[in-house]
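Worksheet: one structure, shown below.
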Amino acid sequence: MWGVVVRMVKMLLVLLLLLLTLLSGASPQKPRQIIVKAGEMVVLECPRHIGYNHGETKLVWTSYTRQEMYMTTDVSSVEQVPMGVFVLGRSLVILSASVNHQGNYSCSLGNDSRPFWFRLTVYTAQSREYDKRTKHPVTCYTNESCKMHCPDVNIPAANILNITNNGFIWHKEGESLPKSSYFSSVEMTDHGVYTCTRSYLYRGQMYNMTFTVELDVKHKRKYGQSVILSPRDGVFDVDLGSTVVIDCKAVLYSDFDEVFWLSEESFVETNNNLSVFYNYTRETNIDEIWMTATLVFVKVSEEDLFKRYTCKLESVSELSSFVTITLAQKRIKSPNLALSIVGILVVIIVTVVVYVKFKIDIILFLRDTLGCYRSTSDGKHYDAYLMCYKSDAVTGLNEDNTKWLESILEEKFGYHLCLYNRDILPGKAEAEAVLNCVKQSRVVVLVPSSPDSGQGADVLNDIHTVLVEQQTRLVFIKTDTMEVSSSGSLPEALQLLSETGDCVTWKGTASMLPSSSFLQLLRYYLPAPQHESKIRQIP
């Protein structure tokens, strides 16, 4: 049972993927965002996974900017330098970016591979947005060594010819003299914004790339200066109107050291009659003194959510330290994992049941409404061969019924049929002519006909072995008479073929309705036609 469900889920996923592809085409790749300052160099590197070894296929770069460009690796760098843009290897190099270079770029291996997209944004030198989006933070602690690294974002690859790396220089914001990126013992005065400038030499001219690094220097907290919040630092999730208690613990090294709470810049009182207050306790061990300052919210209000509360350790012998917290209203809890899993399973089961029940309607809807028909050839000339056979044991379709079936499949649903009386050349042996038509068709539809028309049982005997060996797809049309007949009443070859193919039952005039189950099931077993269905043009 589970095996059937798994197969149905896989079929549903394939169907949904096909539907999404038809509606929106190939899934677009989100462009990689590239940010650069005007006047500086920038390099777009095409990823290695854009195709493999395609022989002589060249990497193609296409830009969608104010100055439309179309470049390949065949264009020499001499021709490209006047434009300020050239291709070396897998890299697109822009020597001096301007607003004219801003826009979308793509790289691909000719027209045979999916392109990889970039989105280039060029900011002016005075843009605050550029500084905000390109700042690289670094955190170091006092009295420790500190090393700042110059970012290597969108820089020329080491193997790019004719571009020489001249190293980089550091400057601190507000100072003109160069600075070192290494601090053997960083101090609070080293805190600030630094600029790293990379320089590259190309054809006798220097081009720069600058990056901003923000150095945050913090005091190294010693054990005696630790401030511990419970349950955690930062934001506390609370319910409005509830009582909240927050402990702050610290180790003291002097009787004059103290731990207390601040609300913004004001002291929190120790008066327990207030809506917000704190109290404290001390615990003395052999080597140390622990002090706990407990902040109490008797009834959390909306006003408390907009304040910052700070627990501070004030020491006479060591540097003071502190932690700051804020309160936030609890959000509605999301469903737990078990409920989510149950919900997903229910959706999958319902989807599978709906698909199993309506899979024929879904497939025919895709063909007729969304134009999902065959667009490539597999070497077959016909979609199906309607092979009418005669048998004295059953009552088959009369000539009018057969012509109706041929007409509606070809004219209304767009199938290209092979018909014995129309497409088989005269003069050939009957078995040879029928076999040739079978080989050129994707499916063979066995249509029972009246005793005075159709091929005889001898022809079925002659081609039976070939049908089995080639594993030809068969659709076997039965009649109401055949449903009640015993299996022994059919010719042996026909009986064997009916057991290997898909069966559809003809129920007389009821099957001639466009919405009949006979037509729907027959079209479901047939492959999608090579030509678009005319179901919307013919009433």
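The values are calculated or read from the model by the stated rules, or taken from the named source; none is laboratory data. Since the structure is predicted, the reported quantities are computational estimates derived from the model, not experimental observations. So basically every Cβ, Gly included, is an ideal-geometry build from the backbone, and we count neighbours across all protein chains shown.
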- Task: Quick one: V60 ticks every box in (1) under 28 Å from R133 (Cβ atoms); (2) modelled with pLDDT of 80 or more; (3) surrounded by 12 or more Cβ atoms within 10 Å (Cβ to Cβ) except a single one, so which number is it?
- Result: (1)
- Task: Consider only pairs whose beta carbons are under 6 Å apart and that are at least six residues apart or on different chains; among these, list those whose first residue lies in the stretch 178-207 and is closer than 30 Å to F86 by Cα and whose second residue is surrounded by fewer than 13 Cβ atoms within 10 Å (Cβ to Cβ) and modelled with pLDDT of 90 or more.
- Result: S199/M206
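Can we say L327 is farther than 26 Å from R282 by Cβ and surrounded by 13 or more Cβ atoms within 10 Å (Cβ to Cβ)? Give the steps one after another, and end with the answer.
Details: farther than 26 Å from R282 by Cβ: yes; surrounded by 13 or more Cβ atoms within 10 Å (Cβ to Cβ): yes.
In short, yes.
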- Is the stretch 145-165 home to any residue that is in contact (Cβ under 8 Å) with a residue 12 or more places away in the chain and of a type in the set (D, E, K, R)? yes
- Query: Any chance the stretch 121-141 includes a residue that's small (G, A, S), over 15 Å from E40 (Cβ atoms) and not in a strand (DSSP E or B)?
  - Reply: no
- Note on the structure: For the stretch 273-304, the count of residues that are touching a strand residue (DSSP E or B) at 6+ places or on another chain (Cβ under 6 Å) and outside any strand (DSSP E or B) equals 3
- Message: I'd like to verify a number: residues in the stretch 155-194 that are among the aliphatic types (A, V, I, L, M) and either exposed (fewer than 10 other Cβ atoms within 10 Å of the Cβ) or under 18 Å from V138 (Cβ atoms) (or both), how many?
- Response: 7
- State which residue is nearest to the chain's Cα centre (by Cα) when the search covers only the stretch 397-424 and only residues that are assigned to a loop (DSSP other than H, G, I, E, B) and free of Cβ contacts under 8 Å to residues at least 60 places away in the same chain. I424
- Query: Taking S106, is it surrounded by 15 or more Cβ atoms within 10 Å (Cβ to Cβ), of a type in the set (G, A, S), modelled with pLDDT of 85 or more and part of a strand (DSSP E or B)?
  - Reply: yes
- Note on the structure: In the stretch 153-207, residues that are small (G, A, S) and closer than 18 Å to L44 by Cβ total 2
